[in-house]
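A short write-up of the structure that comes next.
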């Protein structure tokens, strides 16, 4: 048997033997259902953008397998420790940069502007709360920028939007899926204990 073929067969055999071990290392799902909510703050954001974020985030968390189940709407009888991932988009801005063609002679009625870059900006808030009491357990706030300079026939705005959605979903999934069931149980208990303490103004 040629040496190259023997090497390839050996590598394939090692991958087959390692497959059960790799599957066994998949993180244990958290024993909670997760509801995903996506909305905006004081300034409206297009429903298309919000829906794209919600769908991408739902798929990402489901594929990660870190929760028992993922829902769009809250169940009628939520569990004591079921959670909400609430993603809020604030200060969403969409800017387009143009340059003017100097060397070309435009045809009558032709727009001399040439699209150069589309840039999207937003401030985002991700909060994981208990579904019943709405007690915050984890929070992350950040700003996100995404830009795209198109090549011929490309939809620059669509490319910039997909890039922004990808980055926001990556951060939200990381926040939601980080930690073992034991760590989550401790965080839930600590959040409830903090919420039960009387505030300094009420003492």
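What follows draws every value from the coordinates through simple rules; no lab data is involved. The model shown is predicted, which means the values in this text are computed figures rather than measured ones. Here the Cβ positions follow ideal geometry from the backbone for every residue, glycine too, while neighbour counts run over all protein chains shown.
Numbers at a glance
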{"item": "92, 159 arranged by Cβ crowding within 10 Å, fewest neighbours leading", "result": "159, 92"}
{"item": "Distance in nm between pseudo-label sites at residue 185 and residue 141 (7 Å out along the Cβ direction from Cα)", "result": "3.3 nm"}
{"item": "Residue order, fewest to most beta carbons within 10 Å, for 55, 87", "result": "55, 87"}
{"item": "Least to most buried among 138, 173 (fewest other Cβ within 10 Å first)", "result": "138, 173"}
{"item": "Estimated distance in nm for a label pair at residue 51 and residue 163, the labels positioned 7 Å out from Cα along Cα-to-Cβ", "result": "2.5 nm"}
{"item": "Extension gain, residue 71 back to residue 171 (0.36 nm per residue minus Cα-Cα distance, nm)", "result": "34.1 nm"}
{"item": "Efficiency of FRET from Cβ geometry, residue 63 and residue 195, R₀ 30 Å, rounded to 0.05", "result": "0.40"}
